[in-house]
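In what follows, a single structure is set out as structure tokens and then discussed.
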Amino acid sequence: MRRPLLTLLATATLAGLGVSPTPAAATGSPTTPAANSPTATTPAAATPAAVNGRLKVCGLKLCNRYGKPVQLRGMSSHGLQWYSQCLTDGSLNALAGDWNADVLRISLYVQEGGYETNPRKFTDRVHQLIEMATARGMYALVDWHQLTPGDPHHNLERAKTFFTEIARRHRGKTNLLYDIANEPNGVSWSRVKSYAEQLIAVIRAEDPDTPILIGTHGWASLGISDGRDERDVVDNPVRASNIMYTFHFYAASHGQEYLSALDRASDRIPVFVTEFGTQEASGDGPNNFSRAQQYLDLMARKKISWVNWNFSDDHRSGAVFKSGTCDAGGPWAGTASLKPAGVWIRDRIRTPDDFPTG
Ligand code: IDC
């Protein structure tokens, strides 16, 4: 379902003025936002978030409010500490209205100059980006981008503080997803699982309904990069409901072994690909579009949702915009500012969605 660009621009303009978009008749009972209560912004009509409503894990799939499996496709930001300037009203209008993205992943690094350096500032920026995605009818995937160190327990207290505030503020929204550990590395699955169970209890106390995505061991490879595999998770699943496990791949580095693991795992556990690139695992180097297409074909067939890395103008080949685009303020729509990976992935995100409503 797509809406005319004019509607989109009007919505975005209202959002820019701090005015909530008109509640869509199609979404049923609009909630009245009140001071000191969770914000309940209703997504604009006929957008991915308005059509599908609150998502819920059903068996091995992610289902919409009709209980039907859906595949979301979208983009991840780069680290907010480096590329916040690439997330503007204009760039997100293009992501929603020109790329037709269903989901924006908001990548909040914890280290490397991220959250830990100024929790208030970064939390506020995430709140703002959630509102910007919501006003444009996209799902907002909040990514706790722990990476170095790789043991998520290192940031458990910070994660509790952060997600408590996010969940409390936004629990009235129906378009959120929480990604609670970007890429655990150098740790066993059982350690990731114990982190997840502690953090999920804290989030659920505030927000019982938002789906929670859990990074798997070996940099979200389901253990493959550690010489393990998905059986670690299948045999010892996280004790919680409405959860999925994440898988990441970079097509020029990760071939058949990763592809087979994704195929096998997605027959046993719910999987969401919260990050992938068409290039090497460095996020740079040559693209392997034919391998990437194999992954996309598999994910389309099995309705596995995916998010591509990354919506910035970083110099590496995996950043969709050419260097300098963000400081110049665009142009955001069309392909003039895009690198080859950007042109390729925009085409694939633009492929019409198939959201069952009956
Ligand atoms: C990379 C960025 C790079 C940055 C680095 C810092 O592209 O600019 O210097 O992180 O840690 C991941 C990670 C993601 C990586 C990305 C590409 O989730 O943070 O971004 N990648 O290397 N896992 C596999 C690849």
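The values are calculated or read from the model by the stated rules, or taken from the named source; none is laboratory data. Small disclaimer: the values here were computed from a predicted structure and weren't measured. No Cβ is skipped: glycine too gets one built from the backbone with ideal geometry, and neighbour counts run over all protein chains shown.
The lone criterion from (1) closer than 25 Å to L60 by Cβ; (2) without any contact (Cβ under 8 Å) to a residue 40 or more places away in the chain left unmet by L338 is number (1).
For the residues S312, S282, S253, S290, the requirement of being farther than 30 Å from K68 by Cβ and surrounded by 19 or more Cβ atoms within 10 Å (Cβ to Cβ) singles out S312. In segment 49-116, counting only strands (runs of 3 or more DSSP E) that sit wholly within it, the ones holding 2 or more residues that are within 14 Å of the ligand (Cβ to nearest atom) span 73-76, 103-109. If you go through segment 79-120 and keep only what is among the aromatic types (F, W, Y), surrounded by fewer than 24 Cβ atoms within 10 Å (Cβ to Cβ) and over 17 Å from the mean Cα position of the chain (by Cα), you end up with just W82. When T148, T123, T88 are screened for being under 30 Å from L338 (Cα atoms) and in contact with a helix residue (DSSP H, G or I) (Cβ under 7 Å, 6 or more places away or on another chain), only T123 passes. Only one of the listed residues (T41, T22, T13) is at pLDDT below 95, of a type in the set (S, T, Y), in a loop (DSSP other than H, G, I, E, B) and surrounded by fewer than 21 Cβ atoms within 10 Å (Cβ to Cβ). That residue is T22. Here segment 58-69 is the region considered, the condition is being out of contact with any strand residue (DSSP E or B) (no Cβ under 6 Å at 6 or more places or on another chain) and not small (G, A, S), and the residue that is farthest from E112 (Cα to Cα) is Y66. Residues in segment 145-154 that are surrounded by fewer than 24 Cβ atoms within 10 Å (Cβ to Cβ) and in contact (Cβ under 8 Å) with a residue 24 or more places away in the chain: L147, T148, P149, G150, D151, H153. Among the helices (runs of 4 or more DSSP H) confined to segment 166-247, the ones with at least 3 residues that are over 30 Å from T47 (Cα atoms) and more than 17 Å from the chain's Cα centre (by Cα) are located at 189-206, 231-234. The residues of segment 319-333 that are under 18 Å from N308 (Cβ atoms) and surrounded by fewer than 17 Cβ atoms within 10 Å (Cβ to Cβ) amount to a single one, K322.
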